[in-house]
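Report on one structure; see the data block that follows.
The values are calculated or read from the model by the stated rules, or taken from the named source; none is laboratory data. As the structure is a computational prediction, the values presented were derived from the model and not from experiment. So basically every Cβ, Gly included, is an ideal-geometry build from the backbone, and we count neighbours across all protein chains shown.
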Amino acid sequence: MTETFHTLSSGDISRRSLILTAGAAGVTLIGSRRLLAADADVIKVGFISPRTGPLGSFGETDGYVLDLVRKALASGLAVAGKTYKVEILDRDTQSDPARASQLARTLINDDRVDLMLAVSTPETINPVSDACEAAGVPCLSTVMPWEAWYFGRGAKPGQPSPFKWSYHFGFGGGEFFKTYVSQWNLIETNKKVGVLYPNDADGNAIRANLAPALAKAGFTIIDPGPYEDGTTDYSAQISLFKKEKCEIFNTFPIPPDFAAFWRQAAQQGYTKMVKICQTAKTGLFPGGIESLGNLGVNISSAAYWHKAFPYKSPLTGVSGPELADGYEKASGKMWTQQLGASMSLFDAGFEALKASTNPRDKAEVAKAIATLKTTTMIGKVDFTSGPVPNVSPGPIIGTQWVKAKPGSKFKLDYVVTEHATDPNVPVEAKLIPFNG
Amino acid sequence: MIWLNQILQGTLLGGYYALIACGLSFMYSVMRIINLAHGSLAVAAAYALFVLSDTYELNPFVALVIVLPVMALVGVALQRLVLERAKRGGTLVPVLATFGLAIVLDNALFQLFGADTRSLAPYIDELSYASWQIGDGLFVGELAVMTFATAVVMLGGLQLILSRTQVGRAIRATSEDPDTVGLIGIDGRRINAIAAAIAMVTVGIAGFFLALRATFDPYAGAPQLIFAFEAAVIGGAGSLWGTLVGGIVLGVAQSIGAQISSQGFLIGGHAVFLAVLLVRLSGPLGTLTAIRLVFRRSRK
């Protein structure tokens, strides 16, 4: 660059120097524009979620949540007596972890976001958290078991947290355990649990941690062993569950596998024995359950948010029923538990920005998250008292898909059956035996 | 007893594989085209059936009667717009073209229908999981038996069309030598369009059973393609009855694999597929020689 200016000043404008000068001027121009933008009072927030692809059902409701959030922030955000304009940059991972990582890097390097938010599944959150950790950008996330986020990214039990910039809130294995014990003791069974855990990250983590804990709590675990995702025939597993008369069934499969298994189980006469069918990872959203037809009725699941949660969103002011009804009205589809979870991420993120002395200072924002103690759509988020630093555990509530009451717009209703992990959530219905 | 059950269930599963492999095998045998959009087309048909059943509240079997002629037209369009042009570019181009078509189809379906998992099972009520008990602890699913029977009828029907009818003979002749058939008054283009239409009708039926038996989403085509491909190759690519045998071998191998180890389901199928491929490529004698050579070398 100095050379270019030197040539210019000497008055000898060759073709080469002209190009160089033009290039340098261009670079300066881009640089100054970026500087201008950085100087203005605009807070930039990145929001990364899976909106399309196999995980698309998680992100399906995000458009509606984003609309509410943008409306609430239309007149800016007041922090420490100063009003900032807020720009939310929402990005779709297309369910691809590599793309999630790339999107995060672009948001960090080109868009210069002040805060990153990431939601739903390890495939989305872990790569985004890693990119933020490497670049020194505060990152907040929710909706995946926190153990897989904390230990899965290299933290060691009993050692200080290796993370300075990334934070996560929401359910973990411990909450699943409490919820399952509470839910399964609601009705009389022989306490024999047939488990179908796949050979993938979630399945193996659950097999190693949750299953032994359940065995200690008095349940007999019948495990035919890990199977590969994509299996289309489950005769061997079904024979074993039938032979052992497992009245409780628990599984963490990808949705298409569960549909294949459950229909075959019905064919082979196993479902007639089942009193509680408890699914996780599948059966979270109405679409998947409806596609099972009659076999989907009375399946138990667990929810990280439910419209019966008694909390209001501090950011947008909506309550659970308002959020659910608003979505149903806008989309014509049944509400899902993801609505409240995505909303809670914005709630917590903007509470942290408000609590920071300077929302444009990344270290200040990270500090504000680390000491955040607030109530969001999903309830309490508290980073000061978690089991490990950087984590605030959250509830997972026992639920059941039941036939909707006559006159309802939708085929099914999703009711709360237990509340061990958050007693503030009202229990709405008694758990019905699967064949009840 | 458990083994008998596994073999029985595996055989019925094989009927399903044969059904989804049928169109792939037919297209390869009479048109020399490997259609990588096979699975995606089946899923597209499944979506068409779903829309008719869900929005227009038709019985899925009635919906099938509407969708199959549409699929035949899709076949003609596919042949005229994609395959015919691609084939002029050599043998590899149709493979690439259909691969591209699969990507376009998957994403178009996603744009239209979103990410929700769908199934036709809710519209046939109990048939999706009803079963007959045929012995102590032995159950066969009614839908599985129906799928198997359909596979047999469909493959047999295609075989009959090819060997006994005028059109079938024309199709075979065109596949042997598309240029020479022109000399004896057969319009090769028309015949290929008919063959593509027949292939797409079988794809429509495959989509129907896929939707009845399990769930599908816009990206469900690729896994279907893999099983169809394996069944077709095990049975001897292009042979119709071979496809049925291939499907059954694949299904039984998977079921037995699953009984040996819980992770053995997919491995069992893939292992048999690879073994067959190895024997096919080198011939039984060739394999023996190869094994002997390796053995001799390792001894040295």
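Tell me which residues, restricted to the range B:190-225, are small (Gly, Ala, Ser) and either surrounded by 24 or more Cβ atoms within 10 Å (Cβ to Cβ) or within 12 Å of chain A (Cβ to nearest Cβ) (or both). Those that are small (Gly, Ala, Ser) and either surrounded by 24 or more Cβ atoms within 10 Å (Cβ to Cβ) or within 12 Å of chain A (Cβ to nearest Cβ) (or both): B:195, B:196, B:199, B:204, B:206, B:207, B:211, B:214, B:220, B:221, B:222.
The combined condition, being assigned to a loop (DSSP other than H, G, I, E, B), surrounded by fewer than 16 Cβ atoms within 10 Å (Cβ to Cβ) and touching a strand residue (DSSP E or B) at 6+ places or on another chain (Cβ under 6 Å), is fulfilled by residue A:384.
All told, residue A:422 falls short of being charged (D, E, K, R), in a strand (DSSP E or B) and modelled with pLDDT of 95 or more.
Please specify each residue of the range A:259-292 satisfying the condition of being farther than 18 Å from residue A:399 by Cα, buried (at least 22 other Cβ atoms within 10 Å of the Cβ) and without any contact (Cβ under 8 Å) to a residue 60 or more places away in the chain.
A:259, A:262, A:263, A:264, A:265, A:266, A:267, A:268, A:270, A:291
All of A:333, A:272, A:281, A:312 fail the test of being within 14 Å of another protein chain (Cβ to nearest Cβ), within 23 Å of residue A:117 (Cα to Cα) and among the basic types (Lys, Arg), apart from A:281.
Before we move on, is residue B:72 in a helix (DSSP H, G or I), aliphatic (A, V, I, L, M), in contact with a Phe, Trp or Tyr (Cβ under 7 Å, 6 or more places away or on another chain) and modelled with pLDDT of 95 or more? Judged against the criteria, residue B:72 is not a match. Can you spot a residue in the range B:56-79 that is farther than 16 Å from residue B:27 by Cβ, polar (S, T, N, Q) and without any contact (Cβ under 8 Å) to a residue 12 or more places away in the chain? No, because not a single residue in the range B:56-79 is farther than 16 Å from residue B:27 by Cβ, polar (S, T, N, Q) and without any contact (Cβ under 8 Å) to a residue 12 or more places away in the chain.
If a residue has to be charged (D, E, K, R) and touching a Ser or Thr at 6+ places or on another chain (Cβ under 9 Å) to count, how many in the range A:176-201 make the cut? Within the range A:176-201, residues that are charged (D, E, K, R) and touching a Ser or Thr at 6+ places or on another chain (Cβ under 9 Å) number 3. Within the range A:259-275, count every residue that is within 14 Å of residue A:291 (Cβ to Cβ) and in contact with a Gly (Cβ under 9 Å, 6 or more places away or on another chain). The total comes to 3. Beta carbons closer than 7 Å, at least 6 apart along the sequence or on distinct chains, pair a first residue in the range B:262-273 that is more than 8 Å from chain A (Cβ to nearest Cβ) with a second that is surrounded by fewer than 20 Cβ atoms within 10 Å (Cβ to Cβ) for B:268/B:256. Looking only at the range A:64-85, which residues are among the aromatic types (Phe, Trp, Tyr) and assigned to a helix (DSSP H, G or I)? Scanning the range A:64-85 gives a single hit, A:64. In the range B:138-213, counting only helices (runs of 4 or more DSSP H) that sit wholly within it, the ones holding 3 or more residues that are under 27 Å from residue B:251 (Cα atoms), β-branched (Val, Ile, Thr) and in contact (Cβ under 8 Å) with a residue 60 or more places away in the chain span B:142-164, B:188-213.
Rundown of residues vs (1) crowded, with 22+ Cβ neighbours inside 10 Å; (2) modelled with pLDDT under 95; (3) not small (Gly, Ala, Ser), yes/no style:
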site: A:304; (1), (2), (3): yes, no, yes
site: A:308; (1), (2), (3): no, no, no
site: A:329; (1), (2), (3): no, no, yes
site: A:335; (1), (2), (3): yes, no, yes
site: A:347; (1), (2), (3): yes, no, yes
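Being buried (at least 21 other Cβ atoms within 10 Å of the Cβ), within 14 Å of another protein chain (Cβ to nearest Cβ) and in contact (Cβ under 8 Å) with a residue 40 or more places away in the chain: is that true of residue B:9 here? Yes.
Counting residues that are more than 14 Å from chain B (Cβ to nearest Cβ) and buried (at least 16 other Cβ atoms within 10 Å of the Cβ), which helices (runs of 4 or more DSSP H) fully inside the range A:137-253 reach at least 1? Answer list for the range A:137-253: A:146-150, A:173-184, A:201-216. If the condition is being in a helix (DSSP H, G or I) and facing chain A (nearest Cβ under 9 Å), then the range B:112-129 contributes B:121, B:122, B:123, B:124, B:125, B:126, B:128.
Just one of A:298, A:358 is over 21 Å from residue A:55 (Cα atoms) and at pLDDT below 95; which is it? After applying the criteria, what remains is A:358. At pLDDT 85 or above, closer than 18 Å to residue B:3 by Cβ and more than 20 Å from the chain's Cα centre (by Cα): is that true of residue B:261 in this structure? It is true that residue B:261 is at pLDDT 85 or above, closer than 18 Å to residue B:3 by Cβ and more than 20 Å from the chain's Cα centre (by Cα). For the range B:16-36, residues that are part of a helix (DSSP H, G or I), within 12 Å of the chain's Cα centre (by Cα) and either surrounded by fewer than 24 Cβ atoms within 10 Å (Cβ to Cβ) or on the phi > 0 side of the Ramachandran plot (or both) total 1. Looking at B:228, B:232, B:151, just one residue is more than 14 Å from chain A (Cβ to nearest Cβ), within 12 Å of the chain's Cα centre (by Cα) and within 29 Å of residue A:292 (Cβ to Cβ), and that residue is B:151.
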